[in-house]
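Reading through the structure tokens given below for one structure.
Just so you know, all these numbers are worked out from the coordinates, no wet-lab data involved. Given the structure is predicted, the values throughout are model-derived calculations rather than measurements. No Cβ is skipped: glycine too gets one built from the backbone with ideal geometry, and neighbour counts run over all protein chains shown.
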Amino acid sequence: METKIEIFKTKDELSQFFAEMIVERLKVMPKERFCSIALSGGSTPQSIFQYLATKHKKNIAWERLLIFWSDERCVAPDDQESNYRMTKESLLDQVSIPATNIFRIKGDADPASEAKRYDEAVRQFVPSYNDIPRFDLMMLGLGEDGHTASIFPGNLHLFKSKELFVVAEHPQTKQKRITSTGVLINNSKTVVFLATGEAKSAIVSTVIEAKSGSENLPALLVHPENGELFWLLDEKAASKLINKTDKKT
Ligand code: 6PG
């Protein structure tokens, strides 16, 4: 697996790189094939979505994308906490993407039933590799505690589940979440970790450089063995990295 580290001066440059990742994948894909993307929640993706909506409204073939989420909070779709709401407002309402291409995780449904339903939906619409759906692009954020998607430290059993989606719980707020698991994440063609800001610099360095104590962090288990892993960082988030070059692992 290749790990590519890209460091940017500004969030716009990072967002532009992400846009180009989408364009590149669409370019090499047969025209009749959809590009399946699992989006992350949080503030970092939000700024990327806003950039895409303003700068790439016309030059990305949005109708060729299938939009999924790597995780969702168990709240109504119009709730301030909803990843769907954030994505809809910052991107999906601004670009021409058919509603049938958008696969919302129903945060307002019973969590266990929805995890199962979404697992089946992803299996139905995302082409498989080794009998597991394989996303073209899996977007992930990184929490300061080393969580990713909605898998938090101390819950590695969820990352190792054989299901594609499971019910998780935020350790502080106890908010229920529906999250993708390692079997799905690590089957992706490309996983893109996004992290910006000084506050992420310590955890970025801990995870990328696999520092002692990091072995129990969910983010460290992200390893798309038959794909590639990108870290899109701004200079502040990368500031504690000793070695900023790409790695082969
Ligand atoms: C969520 C995300 C979560 C997020 C990280 C980083 O639903 O909140 O999936 O994993 O990506 O907490 O969030 P920020 O980008 O806001 O720091």
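First check a/c for the stretch 202-249, with a ≥ b ≥ c the square roots of the eigenvalues of its C-alpha gyration tensor; if it is under 1.5, answer rounded, and if not, answer prolate when a/b is larger than b/c or oblate otherwise. Don't skip to the answer; put the middle values down first.
Details: a/c = 1.81, a/b = 1.17, b/c = 1.55.
Judged from the Cα gyration tensor, the stretch 202-249 comes out oblate (a/c at least 1.5, b/c at or above a/b).
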Counting only Cα, what are the radius of gyration and maximum Cα-Cα distance Dmax of the stretch 72-154, in Å? 14.1, 41
Eligible lysines near K236 by straight Cα distance, threshold 17 Å, same-chain separation 8 or greater: K9, K11, K200, K244
Plugging the Cβ-Cβ distance of Y129 and F17 into 1/(1 + (r/R0)^6) at R0 = 22 Å yields, to the nearest 0.05, a FRET efficiency of 0.30
Please identify the DSSP H helices in the chain that span no less than 15 Å along the helix axis (Cα) and have a mean Kyte-Doolittle hydropathy of -0.5 or more. 11-28, 43-55
Under 23 Å between alpha carbons, and skipping anything fewer than 8 positions from K176 in its own chain: which lysines qualify? K88, K106, K116, K160, K162
For the stretch 1-145, what class follows from the C-alpha gyration tensor (a ≥ b ≥ c being the square roots of its eigenvalues): rounded when a/c is under 1.5, otherwise prolate if a/b is larger than b/c, else oblate? rounded
The alpha-carbon pair-distance distribution computed for the stretch 1-54, with 10 angstrom bins and whole-percent values, is 20, 47, 30, 3
Find the all-direction average of the projected area of the Cα convex hull for the stretch 92-240, expressing the result in square nanometres with one decimal place. 9.9
Taking amide hydrogens as modeled 1.01 Å from N in the peptide plane, which residues meet the under 5 Å criterion relative to R177, leaving out close sequence neighbours? C74, A168, E169, H170
Arrange T245, T44, T179, T3 by Cβ neighbour counts within 10 Å, fewest through most, would you? T245, T3, T44, T179
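Is the chain best put as rounded, prolate or oblate by its Cα gyration tensor, with a ≥ b ≥ c the root eigenvalues, rounded for a/c under 1.5, and otherwise prolate when a/b is larger than b/c, oblate when not?
rounded
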Over all viewing directions the Cα convex hull of the stretch 148-191 casts an average projected area in nm² of 2.9
Using Cα positions and a limit of under 12 Å, work out the aspartates and glutamates in reach of K57, with same-chain residues fewer than 8 apart set aside. D93
Label point distance in nm, A112-E225, each placed 7 Å from Cα along Cα→Cβ: 3.1
